[in-house]
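Notes follow once the structure below has been shown.
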Amino acid sequence: MQGLKINVERTGFPIELGGHKFFFDCSTEHIEEYEEKFAAVGPKLEKLEQGDDTIEDYKKALTIGYDAMLGEGTFEKLYDSVPDVVAWINAFYTLAEGIAEKVSEVQKEQSSKSDELKKQYLKKKKKKSKR
């Protein structure tokens, strides 16, 4: 007897940023974590832009934001290749906007796939019950 084999793929999409490749995880668990951390970093960056903060203050805030989006150690890797806080602040907002758009697309696509699979399952089940 042959077994059942089901492939399960991660939900998400690739991102290339500053010559580095990442994968944004669109699992429900990661989206919740991401939204929580992102909600905390936005006000920190806005507050920094109003005061006499140091580059280290900006780097700490950006570390939280980039690492929440693309994984632990992301900002350190990016900053090592391009040591420019202003560039990474600008890229941060562009990245956040792009991720929001892409996550919305992925969620719609996943919902559509789920609905289609459900329809197929119910159709097959209905055929079997008529026999």
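Every read-out reported here was derived from the displayed coordinates using simple, explicitly stated rules and does not represent laboratory data. All values reported here derive from a predicted model rather than from experimental measurement. Backbone-built Cβ (ideal geometry, glycine too); neighbour counts: all protein chains shown.
Working note: 222 nm ellipticity from helices only, DSSP H runs with n ≥ 4, each -39,500 (n - 2.57), summed and divided by the residues of the chain, gives -24500 deg cm²/dmol to the nearest 500. Please give the residues of the range 68-85, grouped as numeric ranges, whose backbone N is less than 20 Å from a label point set 7 Å along the Cα-to-Cβ vector of E101. Answer for this model: 69-70. For the range 61-131, a Kirkwood radius taken over Cα pairs fed into Stokes-Einstein (10 °C, viscosity 1.306 mPa s) yields D = 104 µm²/s. Using bins of 5 Å that start at zero, the share of Cα-Cα pairs per bin across the chain amounts to 2, 9, 16, 18, 14, 10, 8, 6, 5, 4, 3, 2, 1, 1, 0, 0, in whole %.
Taking each residue as 0.36 nm, the span from S112 to S129 lengthens on full extension beyond its C-alpha to C-alpha distance by 3.5 nm. What FRET efficiency, computed as 1/(1 + (r/R0)^6) with R0 = 35 Å and r the Cβ-Cβ distance, is obtained for D84 and E9, rounded to the nearest 0.05? Taking R0 as 35 Å, the efficiency between D84 and E9 is 0.45.
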